[in-house]
Structures are given as C-alpha cells and as structure tokens.
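Following: one structure in structure tokens, then a few remarks.
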Amino acid sequence: MVPSADRLKLHLLTPLWTAGASSGRMDRVHETGIIGSLRWWYEATLRALGRDVCDPTSDDPRERCPRDNQHYCDVCQLFGATGHRRCFRLEMEDGDPLFRELRIPLPSGRLHPKRRNPVGAWYLQGESRTGDLTLGIVPLGPVDAADKLRIPLTLIHRHAALGAKVSSGYGVVRITEENGDLLAVDSSLVERLAGSGRMGQPSGDLPDLRDFFFAKLRFQAPSEDPNWWQKIQGIAETFNGQVTDQGETRRVFKNPQEHNEATNTLVIVVQQQGVVPLAPAVRNWLRYTWFPSRFQPGTALGSLEGYLFGQTRPNHNIASKINVSHAYRLDSGEWEFRIWGWIPCTTPAGLSLNRDSFLQDLKGLLSGPKTDWTPVFGPGSALRPGIPEWHPLDRNNRDGATYLNELLGLTAGAGAS
Ligand SMILES: [Zn+2]
C-alpha cells in the first residue's frame, strides 16, 4: 500500500522565514528549515523525558549517531542520520510574500557613524511568507512519523515559532487538522515516549525542554488611538523618517518616496495581515534596559548578555536564547505576542546566572502593575499587556513528562499560573 500523507493546515500569525539559497533572501519556503526546527524541538523534548539523544552538531563523531554497534537514537530514527534515512518527507506549500519591497528598516534608535549605513536598524523582510499553507507529512518508513511530529508541531503552535529568525518575531503559526480542529497530541504518545527514561539534570549544553519558559502577553488596542502602533519603538522612527542619537540626526530613507512606500506598506501589514512588528522593541527593552538593571551599575555583563540574547562574532555566533514574537491579531480583536526562551540551570564556566531569580524577575517585569512599558509602546502610551500564560519549571523539578503534558495542554488547568 502506498502510504498517504497526513495533512495539516498552517495559518501564519507572524511571517515565516526559512533561509534561502543566498544569504538574507528567501526565494520560497525551504522544507529543510522546517525540518531543522522540528528536529530541534524534538531533541529538546526527548532529553526532557530522560531519553538518550545524540548531539548532531558535535565535532566529535562519538557524540553523533550511529554510535556503539550501529545504534541510532530516537531522534535520528525519525529524522535520519548518516546511514539511516529520514522516516518522512514534508510537502509544504509556499504562501505569499509579506510585501513587494525587499525589506523595511525598523531603526534601533542608535547611530553608528563609522558604518556605511549609520542608521542601526532591524528589518522586516518582504520575502517572508504569510497566509495559509498546507503541510503534508508523507511517511517513508515504519516509524509513526506523523504522530511523533505532532509533539514538536504542537509545542511550536501553542508556545513558540517555526523556522528561522524566531528570536526576532517570525514564525508564529496556528496549526489545525484538516477538519479544522486545533492540532493536539494523544496523551498515550507522551507516555510511550517517556518510557523508562531516567531523569537526570539537564546538562545545560544542549536544549532540554525542562530548561525552557514560555509566556504569552495580550493587550487591547486603545480604541481612541487607531495609530497606537506607530508609536512603538522602531516603527516610530520609520514613520518619523529620521533618528537622533547623541545630538546627531540622520535620515532613515534615501528620499521621500522610499519613506512613503515603507510607511504605506507597514499600514497594510498591520491592518490587513494583522501583524505589528514589535519584537525588536521588546527585545531592545529586555536586553538594554531591564537586564542591566538587575545588576550593580558598572558590572561587566558582556558575555552573560551575549549568552542570553545572542552575539555575532567572527568565528563563534551565539544564537539568542530569548525569543520574542511580533504581535498578531487574535479573532477576538486583541493582540498577542510571545516571549519564550532556554535559560539553562547549568551555565558554562565563568558565567554565573541564578536561573530561578532571573525567571522570577522576568515574570515580575512582564506582569507588574508598575512596569513602565513606554520603552516599547512609546512615550505617553498607557498600554499594559496582561500575561494569560506563564510556564516555567523550577530547577529542582526534574519531571519533564509532567511539564510536557502541561505545555501540550494535556493536563487540566494548564495555562495560567
Ligand atoms: Zn542520534
């Protein structure tokens, strides 16, 4: 019998990015980027269940599958490794580009006079994809691939994001079954996967779901101010068309026409696509205002800040462990965005981080009645998001299966805490 594809529907809530053939471009949705994302979450999940998972990125071949006696770990069984083919194929539709221009700058507010383009900015990528796509999972072997892939897909759908650039806003997706039901996982699957895995402590070197926290924030747009989103940091500078930093002012755009096109496009993205690109503003606020404020003035935070928020270095890039999504409009008309991250219990030598107090402070910031949100929403804004979901796991709790069940929505009362 020819195996038939399992079909899921993806509704992109924030644009999807999968890197293309040339750097900084995206010619189409690349399945490899989707598979990489699913594999990463599946590895983190199985480690949290105490399963033995290899390190496919290791330079040491003994850390990669196949290991002793041609043994493949559960992740490689599903996703493939040298000498063992992947047990499924993805068939993915392409979606529509977000807009026609290549990209729109969202200025950081900082000027770098020595650079060719001195206006520091993040970019909203026009080639990122939006809309509704069908994802087909075609089984290629005896492993129940479509069932197992529902675990990373459900984690992504409920709490995180799919593809690349997820630390800066992209890839939030609502996933439904073909019949329209929201994607869900059968609880017996978690029991089966948990098996007899023994629960050690997360190592800190490799992602382990028990080291993750997940938050959702939600707010109502002020009805008296339809242009509220144009005051958000980054977006405001795009509308102003100029940035002033330390007494110096520079134009963001080459000419008024370019400026006009960018602001007109942003209006369409917000009003028609239901996306407000606020991730850079939130990241900026957490990284440069909140994080240093937790320490004595003058404390050198360079390496700890880079470890958590990411760093680009000539031979050594550190991916951001803290991710923030853009805001997306819910059916209720409210706006929502996500903050989630990997805050390891065990940090590398030389970096000291009290994980539990870090998460407690972060929750206090995000939920505090006195928190000043104007660095994100702009001067004079009274916007204050609520935090309907907050999921952490205490460092002394090693029970990955219970946490996974909570995250997958399989336990009663999962959600707010
Ligand atoms: Zn493996």
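Kirkwood Rh, Cα Rg: Rg to Rh for the chain?
With Rh from the inverse mean 1/r over Cα pairs, Rg/Rh is 0.96.
Only four residue types carry charge here, +1 at the Cβ of Lys and Arg and -1 at the Cβ of Asp and Glu. Report the dipole size of the chain about the Cα centre in Debye, rounded to the nearest 20.
1060
Relative contact order for region 6-407 using alpha-carbon pairs under 8 Å, separation at least 6, rounded to a whole percent?
22
Kindly give the semi-axes, whole Å and largest first, of the ellipsoid equivalent to region 298-417, taking each as the square root of 5 times a Cα gyration tensor eigenvalue.
Those come to 26, 23, 15 Å.
Counting other beta carbons within 10 Å of each residue's own, what order do Ile339, Ile104, Ile318 fall into, fewest first?
If I rank by nearby Cβ atoms, fewest first, I get Ile318, Ile339, Ile104.
Quick check on the exposure proxy: order Thr154, Thr176 from fewest to most C-beta atoms within 10 angstrom.
Thr176, Thr154
Would you mind counting up the charge near Thr402? Only other residues with Cβ under 12 Å from its Cβ, with Lys and Arg at +1 and Asp and Glu at -1.
-2
Go through region 92-107 residue by residue and turn each phi into a ³J(HN,Hα) via Karplus (6.51, -1.76, 1.60, θ = phi - 60°); whole Hz please, and just put x for glycine and proline.
10, 6, 8, x, 10, x, 5, 7, 6, 5, 5, 6, 10, x, 10, x
Grab the other residues whose beta carbon is less than 11 angstrom from that of Lys9, score K and R as +1, D and E as -1, and report the net.
It works out to a net charge of -3.
Given the options Glu334, Glu224, Glu406, state which has the largest fluctuation in a GNM of the chain using a 10 Å cut-off (strictly under) for Cα springs.
Per the Cα network of the chain with a 10 Å cutoff, Glu224 tops the list.
Which of the GluC sites (Glu not before Pro) found in region 109-188 are loop residues per DSSP with 15 or fewer other Cβ atoms within 10 Å of their Cβ?
When the GluC sites (Glu not before Pro) of region 109-188 are filtered for loop state and at most 15 Cβ neighbours within 10 Å, Glu178 remain.
By average Cβ neighbour count within 10 Å, what is the ranking of 366-372, 14-20, 185-191 from highest down?
14-20, 185-191, 366-372
Amide H of Ala121: which non-local residues (sequence gap of 5 or more, or other chain) have their own amide H closer than 5 Å, using H built in the peptide plane?
Ser108
With θ set to phi - 60° and the Karplus curve 6.51 cos²θ - 1.76 cosθ + 1.60, what are the ³J(HN,Hα) couplings of region 15-28 in order, to the nearest whole Hz, using x for Gly and Pro?
Karplus-based 3J(HN,Hα) across region 15-28 equals x, 9, 10, 10, 4, x, 5, 10, 5, x, 10, 9, 7, 6 Hz.
Need one word for region 242-348: rounded, prolate or oblate. Basis is the Cα gyration tensor (sqrt eigenvalues a ≥ b ≥ c); a/c below 1.5 gives rounded, then a/b vs b/c decides.
oblate
Would you list Leu304, Leu408 from fewest to most Cβ contacts within 10 Å?
Arranged by neighbour count, lowest to highest, Leu304, Leu408 become Leu304, Leu408.
Restricting things to alpha carbons, find the Rg to Rh ratio for region 306-345 using the Kirkwood radius for Rh.
1.20
Could you tally the net charge around Val119, taking each other residue with its Cβ under 14 Å from the Cβ of Val119, Lys/Arg +1 and Asp/Glu -1?
Surrounding charge for Val119 is +4.
A short reminder: the numbers here are calculations on the coordinates, not readings from a lab. If you're wondering where the values come from, they're calculated on a predicted model, not measured in any experiment. Here Cβ is always computed from backbone atoms with ideal geometry, including for glycine, and neighbour counts include all displayed protein chains.
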